[in-house]
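Asker: Here it is: the structure, laid out below.
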Amino acid sequence: MERTPPDRRDLLGACREGVIAICELAAHFSDWSVPTPCREWEAIDLAGHLRCVAENFHEYLNDAPNSRLSRLFAQDAPAALLVRQLSRQNAAELAVLPPATGREHIVAFAVSAEAYSDRLLDVWDEPYLSYRGTKLTAGDYAAAVCVEWHLHAWDLARALDKDHRPSRPDVIAAAWRTGVPHLPAPGRGDEWEAVLRASGRSPDWHPE
C-alpha cells in the first residue's frame, strides 16, 4: 500500500487527542495493578512506560539524525530483531524509573508529550532516521508517536474494561504506514481494528 503521510494538521490533532484520552482514562484508575493488553505489564507499568517514551522522544529529536534510535534503525535489521531490541530498552528504562504513582507518571508523560508536539513544527522536515532505504523526517516520525499514544490509550481503556477509538481512524492508519516502516501495513477492514492487529493486539481483549 502506498506510503502517504497524513496531513500535518490532522496528525498533530490526533496526537493531542491521544494524549488527552490517556489523561482522561488515567483519572478512572483506583487500582493501578490491573492487567493490560501489554503482555506482562500492569497499568502502573504502562504509565511508567508512557513517561519513559515521551522523554525518549525528546532525546531522539535532540540528537537526530544521529540518535540512538536512528543508529538502531540504520542497522537495517529484521523487524523482529528491532522489536526485541526496543522491548529490552523499554524494560531496562522501566526498571530504573523512580517510584511514583500511576497518576504521577501520567502527569509527567502529558507534560513531555505536549512539549514534544510544540517542538515539531520547527523541525518537521528535518532528517530523523532511515530504515532500508526509507528516509523519515521528524514529521514522518511524529506519525509513529501518534500511533503510540492511541495504542496505549486503548491499552489503558481495555484495562478498565472500557474502549478507546480515535475519532479519525484513517489518520491513525496513515500514520502507521508512514511512521513504522519496519512493520507490515494494516490489513483491510475497519482501519482502527486493522492497526490494533498490526501492532499484535487483539481487538477482543478484555481483562479476566
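Each value in this text was obtained by applying a stated rule to the coordinates, not by laboratory testing. Since the model is a prediction, treat every value here as computed from it, not as a measurement. Reconstructed Cβ throughout: ideal geometry from the backbone, glycine too, with neighbour counts over all protein chains shown.
Asker: Which value in deg cm²/dmol, rounded to the nearest 500, describes the helix-derived mean residue ellipticity at 222 nm for the chain, given -39,500 (n - 2.57) per DSSP H run of n ≥ 4 and division by the residue count?
Answerer: -20000 deg cm²/dmol
Asker: Further question on the same structure: Computed over the Cα atoms, what is the radius of gyration of the chain divided by 2.2 N^0.38 Å, N being its residue count?
Answerer: 0.96
Asker: Of the trypsin sites (Lys or Arg not before Pro) in segment 19-114, which ones lie in a loop per DSSP and count no more than 11 other C-beta atoms within 10 Å?
Answerer: Passing sites in segment 19-114 are Arg39.
Asker: Could you pull out the trypsin sites (Lys or Arg not before Pro) across segment 128-158 that fall in loop regions by DSSP (anything but H, G, I, E, B) with no more than 15 other Cβ atoms inside 10 Å?
Answerer: Arg132
Asker: Mind giving me the FRET efficiency for Val107 and Asp170? R0 is 30 Å, r the Cβ-Cβ distance, nearest 0.05 is fine. Before the final figure, lay out each step's value.
Answerer: Details: r = 31 Å, r/R0 = 1.03.
Taking R0 as 30 Å, the efficiency between Val107 and Asp170 is 0.45.
Asker: Computed FRET efficiency, Cβ-Cβ of Glu24 and Leu72, R0 22 Å: what is it to the nearest 0.05?
Answerer: For R0 = 22 Å, the calculated efficiency reads 0.10.
Asker: Please compute the length gained on full extension between Val96 and Val34, using 0.36 nm multiplied by the number of residues separating them and subtracting their Cα-Cα distance.
Answerer: 20.2 nm
Asker: What list do you get for Thr134, Thr4 if you sort them by fewest beta carbons within 10 Å?
Answerer: Thr4, Thr134
Asker: I've got another one for you. Stretched out fully, how many nm does the piece from Asp10 to Leu121 gain, at 0.36 nm a residue minus the Cα gap?
Answerer: Separation in residues times 0.36 nm, less the Cα-Cα distance, equals 38.6 nm.
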